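The values are calculated or read from the model by the stated rules, or taken from the named source; none is laboratory data. Values in this document were obtained by computation on a predicted structure and should not be read as measured data. Because the Cβ atoms are built from the backbone with ideal geometry, glycine has one as well, and the counts that use them run over all protein chains shown.
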Amino acid sequence: MIVPSQSLSVSSSMTSAPARRSRLSRAAAAAAAAAAAARPGEFHTVKKGETLYSIALEHGQSYRDVAAWNNIDNPNRIRVGQELRVAPPESVAIASPVVVAPVVEVRPAGDVAAKNSDRLKREPKGGKQPYSEQAMAALERAESQPPAVAVQPSQPVKPVEAGGAQDDAWAWPSVGRLLAAFEEGGNKGIDIEGRTGDPVLAAEAGKVTYAGSGIRGYGNLLIIQHANGLSSVYAHNSRLLAKEGQQVARGQKIAELGSSDSDQPKLHFEIRRQGKPLDPLKLLPPR
C-alpha cells in the first residue's frame, strides 16, 4: 500500500507544475493587458499579419527601438496577441537640462584695495589724477557700462507649414506625374509614376531608420527620420542605395524606382508625424 501512495504523490506533483506555469502565463498576459489599457498609445497588441516593422512604422518608431524596449532578439518572432511597448519607457526619457550657477570669485578685502590702487595707477588713460570720492565713483560707473554691440537688421522669418517644416524644407522625391493622391482612411501617401531605374531622392535631410522589404505591400522600402517627429516613406523601389543609420541630405539619390510589391513601376511616398500619415501635397512645393 505504501508504493501506490508514493506514486500518486509524485504524479500529483508532476501535473501541478504545468498548471502553475499556465496560471503564471495568464497572470502575465493579464498584467500586460492592464498596463496597455492604463496607458494607451504606449502599447500595441499584435494582430494577424502584422510584423515588428509594420508596427514600428505605424507608431513612428524605429523597429530596432521597439525590439530593444521589448527585449526581442529576433524581429521576425512576434506572436498574435502579444503586447508590445511602442513608446520609450520612462527610464529612457530625455533628461531635463542642468542649469549651472555662475561661479562667483571671492577675494579678501586686501585684494580689493590692491585692485583699486592699481586702477588709480592706470586710469584714466589720459594720465594720473589724485584720489577723490568723485573720481572713484566716475571710474566705477565707466567700468560697469556694457560694451556697445552693433545691432544687425532683423531677418524675415520663413513661415511654417502644417507639418512643422519650413515652406522650402521638402522636395519632390521623383519627377513623374501624380498617379494617386492622399486619402484619409485610404491611401496613406501619394503614388508617383515613373520608369524602372528612375532616381528616388530624399525629400528632406534625415537619418535612414529602415532599409529592407519586411513590410508587406511596400516592397523594397526606405524610411527616413526627420526633425519634429516627422518621417518619410519610399516604397516599391527596384534598388536601395541608402543604408540603415546613414545620414542623407535633401535631394540625395537614395534608391531607384521600381515595381516591387506593386502592379506597375511607381514610387509610393508618405510623410508621417509620429506614425500618423499626413497629406504630402500640403508639405511638398507646388509644381
Exercise for the section: Consider ARG216 carefully, then state whether it is surrounded by fewer than 16 Cβ atoms within 10 Å (Cβ to Cβ), modelled with pLDDT under 95 and of a type in the set (Lys, Arg). Expected result: yes
Exercise for the section: Return the only residue of ALA211, ALA235, ALA205, ALA227 being within 14 Å of the chain's Cα centre (by Cα) and within 22 Å of HIS59 (Cβ to Cβ). Expected result: ALA227
Exercise for the section: Could you check, for region 244-252, whether at least one of its residues is touching a helix residue (DSSP H, G or I) at 6+ places or on another chain (Cβ under 9 Å), surrounded by fewer than 17 Cβ atoms within 10 Å (Cβ to Cβ) and not assigned by TED's automatic domain parsing to the domain that holds LYS48? Expected result: yes
